[in-house]
Structures are given as structure tokens and as C-alpha cells.
Number of protein chains: 4
Amino acid sequence: MKALNMAMIGAGRMGQAHARVLAGLAECRVSRVIDTSADNARRVAEELGARASTLLEDALDDPAVDAVVVTTPTPTHADVVEAAARAGKAVFVEKPVADGLEAGRRVVQAVERAGVPCQVGFQRRYDPAYRRAKEMIERGELGRVEGFRAVGRDPHPPSLDFLKTSGGLLLDMGIHDLDAARFFVGEVAEVYAVGGTLIEPELRHYGLFDTAVATLRFEGGAVGTLEVALRTAYGYDIRTEVLGEKGRIHIERDRRPDLTLYDERGGNFDRPRNFEQRFPEAYAAEMVAFARNLHAGKPVTPDVRDAWYSLRLAKAAQHALETGQVVRVREFGGEL
Amino acid sequence: MKALNMAMIGAGRMGQAHARVLAGLAECRVSRVIDTSADNARRVAEELGARASTLLEDALDDPAVDAVVVTTPTPTHADVVEAAARAGKAVFVEKPVADGLEAGRRVVQAVERAGVPCQVGFQRRYDPAYRRAKEMIERGELGRVEGFRAVGRDPHPPSLDFLKTSGGLLLDMGIHDLDAARFFVGEVAEVYAVGGTLIEPELRHYGLFDTAVATLRFEGGAVGTLEVALRTAYGYDIRTEVLGEKGRIHIERDRRPDLTLYDERGGNFDRPRNFEQRFPEAYAAEMVAFARNLHAGKPVTPDVRDAWYSLRLAKAAQHALETGQVVRVREFGGEL
Amino acid sequence: MKALNMAMIGAGRMGQAHARVLAGLAECRVSRVIDTSADNARRVAEELGARASTLLEDALDDPAVDAVVVTTPTPTHADVVEAAARAGKAVFVEKPVADGLEAGRRVVQAVERAGVPCQVGFQRRYDPAYRRAKEMIERGELGRVEGFRAVGRDPHPPSLDFLKTSGGLLLDMGIHDLDAARFFVGEVAEVYAVGGTLIEPELRHYGLFDTAVATLRFEGGAVGTLEVALRTAYGYDIRTEVLGEKGRIHIERDRRPDLTLYDERGGNFDRPRNFEQRFPEAYAAEMVAFARNLHAGKPVTPDVRDAWYSLRLAKAAQHALETGQVVRVREFGGEL
Amino acid sequence: MKALNMAMIGAGRMGQAHARVLAGLAECRVSRVIDTSADNARRVAEELGARASTLLEDALDDPAVDAVVVTTPTPTHADVVEAAARAGKAVFVEKPVADGLEAGRRVVQAVERAGVPCQVGFQRRYDPAYRRAKEMIERGELGRVEGFRAVGRDPHPPSLDFLKTSGGLLLDMGIHDLDAARFFVGEVAEVYAVGGTLIEPELRHYGLFDTAVATLRFEGGAVGTLEVALRTAYGYDIRTEVLGEKGRIHIERDRRPDLTLYDERGGNFDRPRNFEQRFPEAYAAEMVAFARNLHAGKPVTPDVRDAWYSLRLAKAAQHALETGQVVRVREFGGEL
């Protein structure tokens, strides 16, 4: 299989993370890196042996470019994806697909109108444990699903600048857990959330939370909880549980590398400290799947339509957190 | 130290569980077993080498009896404890201290007026892991506490008869987790809960839930979640987590006995299947502490006053579950 | 059941450990404590509400005493057990049953001639995990047994005085693991061992080892390893594995209490630091079983005959360690 | 960095495993696949988009080929590596570097005379946990190293044909563990081993063992054990421990993927079932390191000289196993 010719649109934090992954994959070759910061673009391009530019058009007008990887700031996703779709490029776009439900609708329409494949970066769906869990649930190993629980805690908060435009804790971070809820259990009917500003007092001036918990009631009757925070002392804390009548699946990478040190303090083990340490296989696998499915003419997954519903759920949860109300998800933000 | 002379009041499920523990403790000697079922009383009495009776007075009028262990149905707790207190007996009473807040107030008043020691059966406070966690939190190893999480799942539902008088899922079962929340973090300001009747459809006719999740907002700002269910496929599932700025404590007995079988299915381990397998040390230790503190003239713990606040919190949570409202705990049920 | 009336013979380190256990058991009552050190005897006796003495006869001549618990130094075991057996007392004796094979034979003969029950303190056989493993092996869950592995590491060396009379590392410590080998797999045909004096250089002057590893070839064809050391930095390290054609059993208490602290260092858990923390259930259970079996007129286990074979194996292993030879166990020390 | 142009020499079991890894690496490009079986060569070549051939010369004479990956049967290693070295190709050769010590010497001389880089496939040295352990030991986190333990058990035996030419259990399989012993602790002074034919009775006709245990005495004074078997019921069992005065490092990938299923049997987790599931990162990392070090003109590791000493140790252990003698490693097989 010939390597997929890709342009990276965005060379910031997530762009650089994807670049590190793409650099090692035989299935993908990055030929162009675009960023409004010429410095960022050049630095990432050099690592990848690609050409740098500050102009989106340089990528979209290049007929050699098969696909774009969009990691620009969330508020720009809609415009960039629309332009790429119009240019006929396949698109991989980081979550969330857009910063608002209306913008998200626009993306879905643009992508579907152009008929281009568009995959959204919910990498957990490609993690070996999440995939195995999905298979087990589909095979009925849990019987009817009755409960769900997710924990998503980052090791330390991103910059205040980032936070101010991130859409809030349950949108920016919680969306991964809420997407997993939909992936494993199905659509959520109602969400309630409470939170606090316990970690970064300054966030209060901007109405932002750094800690939140939520309850979920699923349309199928199951109930669940969600715990999200912007900082832990102990690294990156991602746990997902699905409870059914026949058993419980618990997903957690608790030890990495596979080593325990026993010393005078007892047993000690290191843990994933950030998303790159927790999900290296998943970040690679989602790109390999994107490239292979494009190559084979198969649909990509999760697609923008699927991702829009995760966006709606995350928006609803964020609204619940901000208002203290129980939010009915179907009545929030309309439909696609 | 001479063994404490005890009378057991109640020889049902919990009475029998306590009897099995007391039978092996040098610190305690059960001389009388009282139960309205003469059969139950006789059976337990025989195992303990004690005298059986159906009359509470037989225990309360016996000057040799130093203390009573009350495991009668919850609605009778208040009357039995009041009578025992009036008779000057030290009291150990199973949780909850009463079935209602008003009855609970009566118990507190009776006990405090009589000046008798009265310990309530929140055995987790005597589990080695919970004790260690408490010490760590008090020593400041977590820094400021920001989060709490508890799971409490029974292996299978008790009888419908029991459930109908149990006061509801978050009272009967959740109270252990909510007591742990108070023990580790402090008082809860607000509680919200959602649940379902997923396990025992018949419970719906009685307005009972078998599955519930809740969010907690603590007075100190921390937030937390609670998950409770009446049945799992995999045994007794008790987990408690406390999250602070410096770290996280995770309490779980996941393997018992200390053995893993590796076979063609992979790794396999047994787990505690019920409360007696999860908390054998705690059930013994709470009784030994009761006996020793009586002997030494020291206060017992947790006392009825403490337990009343756990009762109020559990009642508030149950009210939230039944009404779908966010319940402010201090405005619920008044004060002692 | 009436508590068994016991006299403790020996109030040193192991005697005190047993006393702490016996103090809490309803099945046992210690009425006398004998030690050549009047101080030791008095201290332990006070804790137990027993009478202290320095004369063995005070216990053996007391008709109220049903059984003796012998924890005197190993070289005295034979004489004390013989005297107790002659006095018609039931005997619980710490391992090893004697310091030599000839002395061991004398004990077996004395006990069998007197017809008294005599249980030897291989407490692991009463640990819940070892018991479960034994059941699994007997039920055939492993199929044919092909391999064995044991680790036995103490947290820190005992005193030099103790070590000089202990009979050597593989006798004093290794005998627990070698008894487990016999318990799970069967008799050992050949043993080879190498060791070092890595921890306490002074031991070299006495020809003593503080670290050793061994290979075992069982009569049934299985092979195994043993690792023993007198000190770890990280507490008490006891692991036992049995490998069969259908699977592997791994026994280890790796976490105690049931709690993990996650902090900036990663995950951290405490471990059993000494034998009392690793085997509290086993030390209690072996005494309860002793008392109950005496009460019921049932045989005690492991008995002296069984224990003699563990002694022979340990002696053979120690000989292998000291000579560098492969030792055939049946040709070492004769038979009973 | 331009991808390294590689020819695969050998397209059997290990060749195919390497091909699967190389296919996904951007750093490597396989342009030729050589195997005496035209079918094997063609199949692997097709997957890699490479050219197939049955003639070694086709690879060695191709000036575009920078490096060869040698996975032919062990007895041919020496000739193939010699030819490749003479042709000036960089070489990656699977372990063991040769089937005998004399052949191994020839390889070392040929490689060193030609001045080509030659890396040997001890992939564990590239596993994240083994690398971390190495760093910890070098930083002194264990203090003086006193003990070592390795377990290496394959899920099921390879074909009898393979076994007959494999050089024996401790050479073919044990060499990985013995290389780890040298990597972590240093040179081994003496080895003793016992084994059996418990799994495949037919092996007895060929004087082959399927199960073995060994003791190691290191030149620095540490002692260790090794357990090797050709079959488990439960998958691929690789564990390595290093014990020092300050602590113990335990390396084990016990759960993969990162998921536990709790059901009516208790807790259940899957494990690595074969070397590809246990060491995917390591197999990729050793090739990436090979390519990068060639590109950067840095030495590769482990080199043939290093690998020759692991071969000598494995040969000595196999000799111990076959003769029942304690083998002094330095007196076995001479020096390089």
C-alpha cells in the first residue's frame, strides 16, 4: 500500500503530538504542514521532511495531497473542514468537530455534500482495551447494560488562554468520556453536573470550572457517572467501566512501563503521565485505520455525524454544569 | 481483660453474621440471644453457648449483661435502643441508628440522657484500609480534599419483604458509602440522584429502586459520586476513593484469597462475594474496640450523634432519588 | 465449645507472636506461661491473664492444662515435646520439630508412643490462599503438576546469636517453602543450592549464608526453584507458585492494607512487612483448628511424622548449600 | 530521515513476524525478501511491496540495499552474516548469533573485519520496562545487585523439526533470559540446571528437554534462578526480577489489553499470548534504533561481541542441563 499523502493543518500542541505519531508510520506521509505561526509550521515540517506554509490554500490546492489532518483551534474547525471538503480532500479532524452545534451542523452538511471521508479524533475507539470492550459488549458478554462510569483527569491544566476558548471542562475534556458512553452504552437522555474551581482559582473570573462530576441517565435505562478534573498529582487518570447484568468491564492502564519497584516504601509503579503515554497505540491506530480505509474505499469511523452527537451530549453536560439544571439531551440543541 | 458479657437482640441475617464473629473473639462473650422467633434465638444461642429467649426484658433485666448488640429490623431500633439505654446497658446497634430522623433524635436523646455508650455499626471505619486512609488524610498526605467516589454493590438483592421496609436503596445500602464520605471528607451540602429498576422489575410496584447514582457537593467544596446497586454478577463490589491536590487514595479488596489462577482463559482471581468476605477484620475489630473501650471507660465510635448525621445524609439522598430534586442536606430533616 | 486450656512453653519472639494471636481467640485460653527468663514469662503471662513460671513441670504437672504450645529454641524442642507427650499433654510445636533428624525421630516416637496429638507450626497450610490452592490442585484444576517455585525473604536478619543456633538459612527459613513444596507437589528427589553472604558479612566467620537459591527435582518429575534471603528492603516477600499442564497458581499477598496511594511518584502500596502482617489469618486458624480438632477427637495436621519429612528435606537442602553437591533426599538422613 | 533500505534474508516464522513490524515503520523499507522457499519469499514480499528471490546474492549484490535482516535457521546464521558483512551490508541478525561458539567467533571476526554494524535481536533490551529497569539499576536505585530471577515460558512448543535443530531449550529459549541476566547483573560464573520431558514425551527420543530450571551464580556474588518451559496453558509467560540491597524490580506484562472482566467467576483478564503480543514495542523499537543508529553513524547494540557472550552462557547452561554438572562459564568454550 502506498503511503497516504497528508497535509497537517495546525502545528500546535495536538498537531505536534500527531506529527510524532505520523513520523513513525509507514502508512502515512506528511508532505505539507500549515500553521498560522510560520515557526510552528517550519519546526514540525522539518521533523517530517515536509514543506511548511502559513496558507491553508497551499495544502488544499496541492493535487498531491490526499488528506488533511486538522488540529487547529476548535473555533476554526468548521471553516477549515468546510474548505477542505470543498477542495475534495479527505479529512481527519481533532475532536470536537466544531465549537458549537450549529457550526457542527455546517460541517456535517459540507462533508456529506462533498462526499469526502471525514474521521473525527476520538482515539479511544482505537485503543486495544476499548476495542476489546466494544466487542465483548456486542457479543453480549455483559448482558443488558445497566451502568457506566468514566473518569477523565488531566495531569495539569492547559494554559488559561487555551481554557478561555475551550468551551469548558465537559466540552473539551469530558467529550472523550461522553463519546465512550455513547460508544459503549448508547444515547444519553439526561445529564446533571456539579463542579468547582478548586485547582485554578483564577478560572472563576471566567466562569470556568476545573473539577466536575455528573450523572447520566441513558435512553435504555442505564445510569452512569462521570468525573473530570484538570489536574491530578499523579498523572493522567483515564478509567472507563461498563456494568451489565452479567458482569463489569473495567478499562484502566494503571502501570506503564510494565514494572514494579519494591523498596522501603512498599510497591511503587509508574503510570501514564499524559495522553501520549496512555494512548500511543490508539493514536497510531486511528491514523493507520484512516489511511487504510481511504485506500480501500471503506467508510471511516467515527464520522462527523457520529461526532456531532457526542458534541451535543458534551454541550448538554456543560450546560448542566453551568446552570445547575438537569438537561434533557434530545431537547438540547436540536437534531442534525 | 475479662470478656464483655453481651446479649444479642436480634438473631436474623445480621445477627447471625455478628454471632459468627463474636463466637471467635476472646474479648466478648454472648450470654443471651433474644429474637421474636424462638427458633432463630435458639439456633444462634446454641452456637454461642448462650440462653435463648423471645423477650427483650430477659436481657435488659439480667444484671450480668453488660451490653446489648441490636440487630433487629431497622424500624424497631429506636424502641430497643431506648429501652436498653434506660436499663443502663451499653449498646451496639447496627446501622442505620433508626428508620427516621425523628426516631433517630429520640435515640440520641435517650442514649445521652442515660449516659450509656452507644456505638453504631459502620464497620468500614474499622477496616484496615479505611483506617489507614483516614490517617493519611489527617496527616495531610492528600493535601486539600477535592473529590470523593464510592461504589457499593451487593451481590444479590435481599428479600422483597426486607426491601419493602428497608427505607430504600440509598438509605439501607448507600448509608455505608455516605458515612464513609462524611468520615473522609466532611459534611455534604447537596445531593442529586438518579436511579432505575433494572434488576428486579417487581420493585417498581413499590416505588423502589435497585440501581442508583448520585452526585455529592461537600460543604468544603469537594465534589463526588456514588454508585449503588442491589446486584452484581461478580460478587460484592465496594470501592472508595478520595482525591486530593497531592494524590488519590483508592480502597478496594479486589482479590481474595491472595491467589491468581492462570489458565487458558488468562488470569483469574476470586473476589469477596459478600460483606463477610470483604470485611472480616472490620466486623471483628468494631466489636473488639467496643469491648475494649467499654472496659477502659473510653468513648465508643462512631456514636449515635455521628450516626444521626449519616442517617440524615442518607435520607436526603434517598429523597433526591425519589423526587429528582437537588436536595440541600442542612435544610433536610433539621438538626439534632 | 469450652476454650482449650493451654500452657505456653517459651515466651520469646515466636512465643510472643503466638500470645498476641491466642489473646484474641475464644477457642483458646492460656493459663500458664513458662520461660527460662522469668521476665519474659511474666510479661507474656500478664497480657494473657495467665500464671508465669520458669519451670516446665509447673505446666506439665497441672491437670487443668490440656495442651502446650512449644516455642522454645529449636535445639530444645525434642526434650520439651518428649516430656509433654509423656505427661499426656497435647502439643503444638513450632517448626522445625527438632534441630536434627535423629532428635526428630525421637520426637515422633515419643508422640506416637504416648498417643498424644502433636501439631507442627507450618501455618501456611492454614492460610486462605494456600488452602484454596491445595483444593484446586486436588480437584485437578492444574492437571499434572510440572513446576514449583517459592520465594521466602525476611525483612531483616534475626540476631547473630539466633542465627548461630538456627541450623542455617534453608533449615530455619527455607523449611516453610520446602514444606509448601511437599504440601502441593509431593516428595523431592534431589536438591541443589548455591548461596552467598551478601547481607551480613560477619556471617562468613560462622560458615553461614544469608542468601540462597536452589533447584528441586520432585519424585513425580516436576522441577522447581527456591529463593531465600535474610533481608529485603521492602518487607516480607513470600510467594509460591505451582505450575501444571492446565495452568498456574500464583500465591502472593502483595498489598496490605487494601489501598493504593497515587501521588506524584505514581502508584504506591504498602505490603506485609513481617510474618504477622502476612499470615494473621493463618496463625489464628492453625490454633483454632488445633483446639477444635482436639475437642472433636480428630487428628491434627500437619503432624510430627509429616513434619519430619519437611525437616529432612530442609536438612538436605542445607547440606546441598554447604557442600555444593546435588543431594538425593531419600539417601540423606535415612527414614523415620 | 530517509527510510533504511533493507533486504530480509529468511521469510519463515521469525521473518514473517519481523515483516509485520517492518511493514508499519516509516524508518524502514524492505525492498527485497530472500528465502530458499520461493513461496515464503513471494508471500512476504507481496505484503511489503518488495521483490522476492531465492538467492542471497540478489540482496547482497544490490547496491540499493543498505542492510539485511537475517532470520534464517540458526545453523545458517554464520554463513549468511559473513557473506553480508563481506558485501559491506549492515546486518540485523536474530538471536542466537550462531549455533555454536566457534561459528559465533567466525561471525564476530567477519563483522569486525568488515567494519559493518551488526545488531543481534535481543529485543527485550528495547522493551520499555527492561529499558527503565536498566536505567534504574545504573542509577543505583537497587544498590548492590544480589539476586536475579527469570521466567521464560512459551505458550506451545514449536514443531519437532524446529526443535531438533534448535540447540536445546536453554539455548533457543533460555538465551533471552540469560541475555537479560548479563544485561542487568553481569557475567555469570556458574550454572546448574535440571529439567524434564513433561510436555512432549516424544522429545525424549532426541535427548531434548521441554522444561528446565537453573541456578546462576554471578561473578559479582549475586545468585539467581531461571525457569523455562516450552508450553503453558495460559499464554506467554515472561517475568524478570532483579533484587538489590535497596529493593526489587519486577518486570511483567500481566494484563493485555488493559481491561478486566468481572463476572460470576470473579475477575478475569487476558494476557499476552505470544511474543508478538508481549513485545510489540520492543520489536519495533529495535528496528527503529537499528535504522536510526545506522543513519547517525552510531554503534548498534547489542552487537555481535556482546551477543557471543550470551551465546556462551546459554551453551553452558544447556551443557549443565544435559550433563547434570555445575558448569563454570569462563572455562566453557573459551574466549572470543
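The values are calculated or read from the model by the stated rules, or taken from the named source; none is laboratory data. As the structure is a prediction and not an experimental result, all values here were calculated from the model. Glycine also receives a Cβ, built like all others from the backbone with ideal geometry; neighbour counts cover every protein chain displayed. Ligands, DNA and RNA are excluded from the accessible area calculation, which covers all protein heavy atoms including side chains. Shrake-Rupley method; radii C 1.70, N 1.55, O 1.52, S 1.80 Å.
A:ARG105 fulfils the conditions (1) over 13 Å from the mean Cα position of the chain (by Cα); (2) within 14 Å of chain D (Cβ to nearest Cβ) except for a single criterion, (2). Restricting attention to region D:213-231, which residues are open to solvent by 10 Å² or more (accessible area, probe 1.4 Å) and either among the polar types (S, T, N, Q) or within 21 Å of the chain's Cα centre (by Cα) (or both)? If the condition is that a residue be open to solvent by 10 Å² or more (accessible area, probe 1.4 Å) and either among the polar types (S, T, N, Q) or within 21 Å of the chain's Cα centre (by Cα) (or both), then D:ARG231 is the only one that fits. Within region C:245-262, the residues that satisfy the criterion of being more than 7 Å from chain B (Cβ to nearest Cβ) and either without any contact (Cβ under 8 Å) to a residue 40 or more places away in the chain or at positive phi (or both) are C:ASP254, C:ARG255, C:ARG256. Residues in region B:263-284 that are in contact (Cβ under 8 Å) with a residue 40 or more places away in the chain and not aromatic (Phe, Trp, Tyr): B:ARG273, B:ASN274, B:GLU276, B:GLN277, B:ARG278, B:PRO280, B:GLU281, B:ALA282, B:ALA284.
Restricting attention to region A:11-45, the residues being over 20 Å from D:CYS28 (Cβ atoms) and either in contact with a Pro (Cβ under 8 Å, 6 or more places away or on another chain) or basic (Lys, Arg) (or both) number 5. The helices (runs of 4 or more DSSP H) found wholly in region D:1-113 and carrying at least 1 residues that are open to solvent by 10 Å² or more (accessible area, probe 1.4 Å) and among the polar types (S, T, N, Q) occupy D:13-22, D:38-48. Name the single residue that is nearest to the other protein chains (Cβ to nearest Cβ) among those in region B:200-244 being in a loop (DSSP other than H, G, I, E, B) and under 24 Å from B:LEU142 (Cβ atoms). Out of the qualifying residues, it is B:GLY221.
With respect to the numbered conditions (1) open to solvent by 10 Å² or more (accessible area, probe 1.4 Å); (2) modelled with pLDDT of 95 or more; (3) more than 14 Å from chain C (Cβ to nearest Cβ), which one is the sole condition not fulfilled by A:ASN274? Of everything listed in (1) open to solvent by 10 Å² or more (accessible area, probe 1.4 Å); (2) modelled with pLDDT of 95 or more; (3) more than 14 Å from chain C (Cβ to nearest Cβ), A:ASN274 misses just condition (3).
Looking for something under 21 Å from C:ARG239 (Cα atoms) and crowded, with 19+ Cβ neighbours inside 10 Å - is there at least one such residue anywhere in region C:287-301? Checked region C:287-301: no residue is under 21 Å from C:ARG239 (Cα atoms) and crowded, with 19+ Cβ neighbours inside 10 Å. The set of residues in region B:30-71 that are touching a Ser or Thr at 6+ places or on another chain (Cβ under 8 Å) and not charged (D, E, K, R) comprises B:VAL33, B:ILE34, B:THR36, B:SER37, B:ALA38, B:ALA41, B:ALA50, B:THR54, B:ALA59, B:ALA64, B:VAL65.
Which residues, taken from region A:141-176, are away from every other protein chain (no Cβ under 14 Å) and either crowded, with 17+ Cβ neighbours inside 10 Å or hydroxyl-bearing (Ser, Thr, Tyr) (or both)?
A:SER159, A:LEU163, A:THR165, A:SER166, A:GLY167, A:GLY168, A:LEU171, A:ASP172, A:MET173, A:ILE175, A:HIS176
Quick one: is B:GLN119 buried (at least 24 other Cβ atoms within 10 Å of the Cβ) and either free of Cβ contacts under 8 Å to residues at least 12 places away in the same chain or not assigned by TED's automatic domain parsing to the domain that holds B:THR215 (or both)? Yes, satisfied. Scanning region A:111-139 for residues that are more than 14 Å from chain D (Cβ to nearest Cβ) and among the basic types (Lys, Arg) yields a single hit, A:ARG113.
In region C:177-194, what residues are surrounded by fewer than 24 Cβ atoms within 10 Å (Cβ to Cβ) and either within 23 Å of C:HIS156 (Cβ to Cβ) or of a type in the set (Gly, Ala, Ser) (or both)? Answer for region C:177-194, where residues must be surrounded by fewer than 24 Cβ atoms within 10 Å (Cβ to Cβ) and either within 23 Å of C:HIS156 (Cβ to Cβ) or of a type in the set (Gly, Ala, Ser) (or both): C:GLY186, C:ALA189. If you go through region B:277-314 and keep only what is more than 13 Å from every other protein chain (Cβ to nearest Cβ) and basic (Lys, Arg), you end up with B:LYS298, B:ARG305, B:ARG312. Taking region B:118-196 and the strands (runs of 3 or more DSSP E) fully enclosed by it, the elements with 1 or more residues that are closer than 16 Å to B:LEU226 by Cβ are at B:145-153, B:188-196.
In the set (1) under 20 Å from the mean Cα position of the chain (by Cα); (2) open to solvent by less than 10 Å² (accessible area, probe 1.4 Å); (3) within 23 Å of C:GLU252 (Cβ to Cβ), D:GLU252 fails one condition alone, (2).
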